[in-house]
Amino acid sequence: MRVLIVEDHIDVASVIEAALLDERFETEVCHNGRTGLERALDASYDVMILDIMLPDVSGHYVLKEIRKAGLTTPVLFLTARDSVEDRVIGLDYGADDYLTKPFDVAELLARVRALSRRKGSIFQEDQIAYRRIRMSPQAHDAFVDKNPLHLTVKEYELLEYFLVNAEQILTRQQIFYRVWGFNSDSGSAVVDVYVHYVRKKLALYGCDDYVQTVRGVGFMLKES
């Protein structure tokens, strides 16, 4: 899971990042709204933690812009504002959840885990599943029914990203940034190569058509 943290208080951001890293989330931290907006628009995240009171543009502005761009990334507003009116405004702007400061780290983690549960996927305590495909993140195993897929590291990360975002269209750029990272020397064509590899392994058990090509856009995990 990949989380974008947009928080101008460095100590608070550090606490959040450390807690998420302990939970094996991947994190990226921004300390102002404009940078946070750029990162949110340029990459793909499973959850965004967004402070409202930022030094340049507000969290409300950031959220409006990413929703205007069509991004459905779940957003948790984190703020010192605790009035009912502030909560209503945040939710009306498109926030998925709202947590006030000071906050309990355990509650923050629980809310992030809840937001990471996407439509189409089933999250259990130790696995992610979609139809016949099941993955165990802790063991780094993947199966169709009870048959192991024997995936390489990148194949596993690719299939995991598909499962987390099941029945949602993912662009090649989103997939590339999520699996290979911003600083990778590989070109975006590597996405098509690894989609082929994953399909080939799923084909052994009749599930290769789960990974559908969306012409001119990217791919989507969806049962035909």
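The values are calculated or read from the model by the stated rules, or taken from the named source; none is laboratory data. Computed from a prediction, not measured in an experiment: that's the story for all the values here. Neighbour counts are summed over all protein chains in view; Cβ atoms, including those assigned to glycine, are modelled from backbone coordinates with ideal geometry. Protein only, heavy atoms only, side chains kept; ligands, DNA and RNA dropped before computing areas. Shrake-Rupley method; radii C 1.70, N 1.55, O 1.52, S 1.80 Å.
Limited to the stretch 15-26, what total is found for residues that are surrounded by fewer than 17 Cβ atoms within 10 Å (Cβ to Cβ) and part of a loop (DSSP other than H, G, I, E, B)? Outline the logic, then answer.
At the first step, the residues of the stretch 15-26 found to be surrounded by fewer than 17 Cβ atoms within 10 Å (Cβ to Cβ) are 15, 18-19, 21-24, 26.
Still in the running and part of a loop (DSSP other than H, G, I, E, B): 23-24.
So the count comes out to 2.
If we keep just the residues of the stretch 168-191 that are among the charged types (D, E, K, R) and open to solvent by 60 Å² or more (accessible area, probe 1.4 Å), which is nearest to the chain's Cα centre (by Cα)?
ARG172
Kindly list the number of the only condition in (1) in a helix (DSSP H, G or I); (2) modelled with pLDDT of 85 or more; (3) surrounded by fewer than 20 Cβ atoms within 10 Å (Cβ to Cβ); (4) not hydroxyl-bearing (Ser, Thr, Tyr) that fails for PHE143.
Unmet condition: (1).
Quick check on my filter: what residues within the stretch 195-224 are open to solvent by 60 Å² or more (accessible area, probe 1.4 Å) and free of Cβ contacts under 8 Å to residues at least 24 places away in the same chain?
Passing the criteria: HIS196, ARG199, LYS200, ASP208, ASP209, THR213, ARG215, GLY216, SER224.
Only one of these is in a strand (DSSP E or B), farther than 19 Å from GLY94 by Cα and at pLDDT 90 or above: VAL3, VAL29, VAL12. Name it.
Residue meeting the stated conditions: VAL29.
For the stretch 166-194, give me the residue count where each residue is closer than 20 Å to HIS140 by Cα and in contact (Cβ under 8 Å) with a residue 60 or more places away in the chain.
2
Give the residue that is modelled with the lowest pLDDT, with candidates limited to residues of the stretch 39-64 that are open to solvent by 20 Å² or more (accessible area, probe 1.4 Å) and within 18 Å of the chain's Cα centre (by Cα).
ASP42
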